[in-house]
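The values are calculated or read from the model by the stated rules, or taken from the named source; none is laboratory data. Note that the structure is a prediction, hence the values are computed from the model and not measured. All Cβ positions, even for glycine, are placed from backbone atoms using ideal geometry, and neighbour counts span all protein chains on display.
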Amino acid sequence: MNITEYQHNMTVQYCFPEDNSSCRKEVRTGTGNIFLFTLLSFISVCTVFLNLLVIISISHFKQLHTPTNLLILSLAVADLLVGLVVMPVNIMQLKDSCWYLGKMTCIVALIINFISMSASVCNMVFIAGDRYIAISDPLLYSTKVTVCKMSLLIILGWSCSLLYILMYLYFNDHLLQSQIVSRCHGECILVLKYSLTTVDLVISFLCPCSIIIILYSVIFTLAKRQAKAVRSVLNATSNKHRANISKSSNSKAAKTLGIVVGVYFALWIPVSLCSLLVQNFTSMSLVWTVLIWLLCINSSVNPLIYAIFYPWFRASAKYILTCRLFDYSSSTFRLFPEQI
């Protein structure tokens, strides 16, 4: 669709016709826009559905109650918030640029938007740390990292993410009281300060990215050494063979979660570059819209990565979709029949 056709398909109306202070709304019509909204709505539904599969799988099946899977569960919750709240809100604002749900709901939606991103970064750091411990010291991993300790760490991570977002929004201007533009009735626009955006970039992206890159560099170095060790001890005893299988499994998990982390930061790079290049931009700008949807799509990609690389996810999804979840003692179904 060219610019002339795009402008022709936008008719000016008012968000609240009976209110003299109502904002003007830009209703986007035409085949191209309808196709775009349908596609984005489909992505939102798929994001919710796939992440619900992950959450139900790990929550229900006892065999999946491991520290690493708790981190995957926490990441899926953050991705679910994106599909359930962030994507529909963005679609609604793309459709006619109006906000009909009131200022308080606008604030809540923006906080959910930021906290889902912040919690995702926090989970990525925890995942890298978890894989580092599993690879570097697999024999003592089960004693160092327990379900209880990981649960407390996840709660702490979400709490710190919420606190950080509230502080960021407060210093951006008194917790959304003045940076939400209210020039007229029917707007929900966040104006980001360049100085705080730069600080947030360092805290929310550069520092976590550096930690993750360092940890995964060590992880893959150790994984290569362990792979050589596995190949060189084919005639070892059964106990040693089992330990080597555990190391190999840890290496595979590290590679899979490394892909998750890599995709996440690949989608974050454009956001980071634009944050440095653009002095000021609003949540309704074209740049912001494109960047937000890049990050949103990551929430849809993560479950697909699990489906490709994790047999347990495919097995648990099959049980859920065929309603085997309601069978007696379904929580004890074996999802790893090949395990010794």
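Between 103, 149, which is surrounded by fewer than 17 Cβ atoms within 10 Å (Cβ to Cβ), over 24 Å from residue 312 (Cβ atoms) and touching a residue at least 60 places away in the same chain (Cβ under 8 Å)?
Answer to the check: 103.
Could you list, ordered by first residue, the pairs with Cβ atoms under 7 Å in which the first is in the stretch 197-214 and under 21 Å from residue 162 (Cα atoms) and without any contact (Cβ under 8 Å) to a residue 60 or more places away in the chain and the second is part of a helix (DSSP H, G or I) and not aromatic (Phe, Trp, Tyr), at least 6 apart or interchain?
none
Can you work out which of the residues in the stretch 1-23 that are touching a helix residue (DSSP H, G or I) at 6+ places or on another chain (Cβ under 9 Å) and at pLDDT 70 or above is nearest to residue 292 (Cα to Cα)?
Taking the candidates together, the pick is 15.
Do you know which of the residues in the stretch 26-39 that are at pLDDT 75 or above and crowded, with 16+ Cβ neighbours inside 10 Å is farthest from residue 81 (Cα to Cα)?
Only one residue fits best here, namely 33.
Quick one: which helices (runs of 4 or more DSSP H) sit completely within the stretch 50-159 and have at least 3 residues that are β-branched (Val, Ile, Thr)?
The qualifying helices (runs of 4 or more DSSP H) are 67-81, 103-136.
Kindly indicate whether any position in the stretch 163-174 is modelled with pLDDT of 85 or more, in a helix (DSSP H, G or I) and loosely packed, with under 15 Cβ neighbours inside 10 Å.
Scanning the stretch 163-174, I find at least one residue that is modelled with pLDDT of 85 or more, in a helix (DSSP H, G or I) and loosely packed, with under 15 Cβ neighbours inside 10 Å, so the answer is yes.
May I ask you to list the residues in the stretch 24-61 that are out of contact with any helix residue (DSSP H, G or I) (no Cβ under 9 Å at 6 or more places or on another chain) and among the aromatic types (Phe, Trp, Tyr)?
35, 42
For (1) surrounded by 21 or more Cβ atoms within 10 Å (Cβ to Cβ); (2) over 18 Å from the mean Cα position of the chain (by Cα), each residue gets a yes or a no:
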site	(1), (2)
41	no, no
46	no, no
50	yes, no
79	yes, no
84	no, no
99	yes, yes
107	no, yes
131	yes, yes
142	no, yes
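Got a sec? Which of 256, 282 is closer than 20 Å to residue 53 by Cβ, at pLDDT below 70 and among the β-branched types (Val, Ile, Thr)?
Among 256, 282, only 256 is closer than 20 Å to residue 53 by Cβ, at pLDDT below 70 and among the β-branched types (Val, Ile, Thr).
Consider residue 57 carefully, then state whether it is over 23 Å from residue 118 (Cβ atoms) and of a type outside the set (A, V, I, L, M, F, W, C). So that I can check it myself, show each step before the final result.
On the way: over 23 Å from residue 118 (Cβ atoms): yes; of a type outside the set (A, V, I, L, M, F, W, C): yes.
Criteria met by residue 57.
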